[in-house]
Every structure is written in structure tokens, then in C-alpha cells.
Amino acid sequence: MSDSYFQKKLEPIKVKPKTVNELLTEMAKTAYQGRKLGEAVDIWEKMVKDPNLTIVMGYAGSMGTAGQWTIVNWLIENRFIDVLVSTGANVSEDIVDAMGFGYWQGSHMVNDQELLEADVNRYYDVFGKETDYRKMEELVTDFVMTLKPDYHYSSAEFFYLLGKFLSEKNIPAIAAKAYENGVPIFSPAFLDSAYGETILMAKNQGHPIVVDSAKEFEQFVTIGTKTKDVAVVYIGGGVPKDLTQLIAISVSPMTKDQGVEGRKGGLRKSLQEYYYPHKYAIQITTDAPQWGGLSGCTLEEAISWGKINNEDNTRAVCYSDATIALPLVTHALCERVQTKRKGPDFSWLFKGVQ
């Protein structure tokens, strides 16, 4: 029997007082999703300590209502992520909490018709007041009223200015922390959230604005021309994951298939098309690959597209509820890396934006 199968011996966990980091370090030496969770910490630590790297985080689901938005703030403040690609919900529902209204622990075993009649919104086992949600929408509408009707805004520009607006009001939402720390937020489907309603509310007051998806995509892909390497962290999947994956291959059409000087990539054999696989990749998801959706798609499948690096010890997929995995992983990182990372400068994205 080949010795190649027996290089790393599994080490059982011994119960004793220990830190989160110590526990996940031990879990990485076990099996199944516990092992993958431990491996995710190892890979994220590599990202943080790798110079000339842009770390992009895809952020899907309803995480703001689940108390996770302050974790994202911490990642931004310490520059453990450099770019956030999010659903609209995750960077709007957090504002409700940041305004001081909050959410309440509830139950999924409840009469939803009674909740409707009481103006209570349910997010699985979390309750939120519709009146609080409307106050958030009214605040954001006040911001939308400050935008220029004759300017085409990308989502990154929209969130940059929203972050400035919220920061000046001392509302510590994700957008505010992103503005304060130079982290751009892209939200390719952000109208599919409260933001769509706020734009309609502003239009009803005679103040229409233009959101330009083509401009957004060009800005996002341009990041791939200004960095040596890209690393990705996916919390869930969906549109945030898809957009982030495209940065690995859409650089080629942007450059008219000339490639990017200084970037190490590949070239398709059958055509003049460059690709730049993400150097490191982590995904935390509850979806499964056999349904064919991107949210469950393995990082290994993405290798065939040229989107993910095929080197060992550079990627991990952990099938877990993100409300379990993300707090554990970030607390382990907090214990391992205790200095703020210096990320890339994205001020070029916002020159001339007012």
C-alpha cells in the first residue's frame, strides 16, 4: 500500500480550556466540516499576510438581521477585506440596527398572519418592526435626494457617498465603516432591496437618479488590472459570488485580450483569452453543488473556468451556516493577527464623485 496516503495523521481533539484559535487549529487536524473550518482560518491568515493582494468578500443572505454586520465592520476596519461585494439587503438592513432600532430574537414557530397584522417582519427566527424598516428607508431617501439627477452612479459610488452621509451622522453601518477605511462596496443587484424603494421614493419627490450597472462592472473589473493578485472570501453565493468570480476572466475583454502587465495568469489554448485565477479562495455555504447553482458550486469546478487557483492549500469550502462559521473564523483571526493590515488604495475609484 502506497505511503502517499498516510502523510498527515488525524489528531483527535482533547477537551480542555482553550482559545477559539486553539480550537480551530485542532479542528483543522480532524475531519469533515470542522476540518474545513480550521483550514479556512489558515487560508484567510495567508491572505492577510500576503503583500500585493486584494481581498474581495462576497456577502449574500440576510446576515445583517442575524447580528453579523459588526463582524463585517471589524473585517473592514482591520483591512482583512479590501472590497465588499454584497446583496442590497446586507448593506441596508444593518442600517436599522446601526440607527439604534435593532432586531429581536423570535421563533419560526409562529402565526405569520398575526405578525403581518402587527406590522412585524420575520427573518426565520428574528423579528423586526416594519416601522423601523421604514425609518431606515426614509433616512436613505434623504440621502438619495442629495445625489445629482444628471450623473450616472455606479453602486460603488452610491455606497461611497452613502457611507460619508452615515458617517457624518455617526451611524456606524457597514457603508460608513467602508467609507472611513477606503473599502469600496459593490452591489450589482442592490435595487433588489430597500434601495430600490428609496430611489422610487426620491423619484416621487421629483428627484430621479441614474444607477449605471455597466459603469459598475467596468469599475469592478478595472480592479483586476491594478493588482498583482486577488483573493476571495464568499459568505454564501448568489450574485456577489458571480460578480467576484468574473474579475478573474473579464479582464481579458477589457484589455482587448492583451493581458495585464505584471500579473501572472494563463492563456486559453483555443483563443487569445487571458485568465487570472484567484490566488486564495474560501467559501462558506449551505448549498450543495449537485443542483447546478453557483451558490453551491465548488471552488474546484471554478478551476475549469480559470477563476480559481489549482494549487494545494489555497482554497477551502466549508458547508456550514455562516452564523456559526463566520464568528468562529473571525475570532480565530483576531487572535492570530493583531495588527491592522495595510490594503490597496482605491481612491482612484471616487475621484470627482460628489
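The values are calculated or read from the model by the stated rules, or taken from the named source; none is laboratory data. The structure presented is a predicted model; accordingly, all values stated were derived computationally and were not measured. Heads up, the Cβs are rebuilt from the backbone with ideal geometry, glycines too, and the neighbour counts pull from every protein chain shown.
Details
- Filtered by the rule that a residue be within 17 Å of the chain's Cα centre (by Cα) and either without any contact (Cβ under 8 Å) to a residue 24 or more places away in the chain or part of a helix (DSSP H, G or I) (or both), the stretch 273-297 gives no residues.
- Qualifying positions in the stretch 242-257 - part of a helix (DSSP H, G or I) and more than 19 Å from the chain's Cα centre (by Cα): Val251, Ser252, Pro253, Met254
- Residues in the stretch 302-318 that are surrounded by fewer than 17 Cβ atoms within 10 Å (Cβ to Cβ) and in contact (Cβ under 8 Å) with a residue 40 or more places away in the chain: Trp305, Asn313.
- Sole residue being part of a helix (DSSP H, G or I) and out of contact with any helix residue (DSSP H, G or I) (no Cβ under 9 Å at 6 or more places or on another chain), chosen from Gly196, Gly163, Gly206: Gly196
- Selection from the stretch 182-234 of residues that are farther than 15 Å from Ser154 by Cα, crowded, with 19+ Cβ neighbours inside 10 Å and of a type in the set (Ser, Thr, Tyr): Thr198, Thr227, Tyr234
- Top-ranked residue of the stretch 297-319 - restricted to ones that are small (Gly, Ala, Ser) and touching a strand residue (DSSP E or B) at 6+ places or on another chain (Cβ under 6 Å), ranked as farthest from Ile235 (Cα to Cα): Gly306
Yes/no matrix, rows are residues, columns are (1) within 30 Å of Ile171 (Cβ to Cβ); (2) part of a helix (DSSP H, G or I); (3) at pLDDT 95 or above; (4) not aromatic (Phe, Trp, Tyr):
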position	(1), (2), (3), (4)
Ile13	no, no, yes, yes
Lys16	no, no, yes, yes
Glu26	no, yes, yes, yes
Gly34	no, yes, yes, yes
Val48	yes, yes, yes, yes
Met57	yes, no, yes, yes
Thr70	yes, yes, yes, yes
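- Members of the stretch 7-33 that are under 19 Å from Cys334 (Cα atoms) and either surrounded by 15 or more Cβ atoms within 10 Å (Cβ to Cβ) or not acidic (Asp, Glu) (or both): Pro17, Lys18, Thr19, Val20, Asn21, Leu23, Leu24, Thr25, Glu26, Met27, Ala28
- Asn52 fulfils the conditions (1) free of Cβ contacts under 8 Å to residues at least 12 places away in the same chain; (2) farther than 18 Å from Gln338 by Cβ except for a single criterion, (1).
- Hits in the stretch 268-301 - residues which are surrounded by 13 or more Cβ atoms within 10 Å (Cβ to Cβ) and either more than 22 Å from Arg315 (Cα to Cα) or of a type in the set (Lys, Arg) (or both): Arg268, Glu273, Lys279
- Residue within the stretch 221-233 that is in a loop (DSSP other than H, G, I, E, B), among the β-branched types (Val, Ile, Thr) and in contact with a Ser or Thr (Cβ under 9 Å, 6 or more places away or on another chain) present: yes
- Test for Leu84: is it of a type outside the set (Gly, Ala, Ser), in a strand (DSSP E or B) and on the phi < 0 side of the Ramachandran plot: yes
- Candidate set: the stretch 103-132, residues that are assigned to a loop (DSSP other than H, G, I, E, B) and either within 22 Å of the chain's Cα centre (by Cα) or of a type in the set (A, V, I, L, M, F, W, C) (or both); chosen: the one surrounded by the fewest Cβ atoms within 10 Å (Cβ to Cβ): Met109
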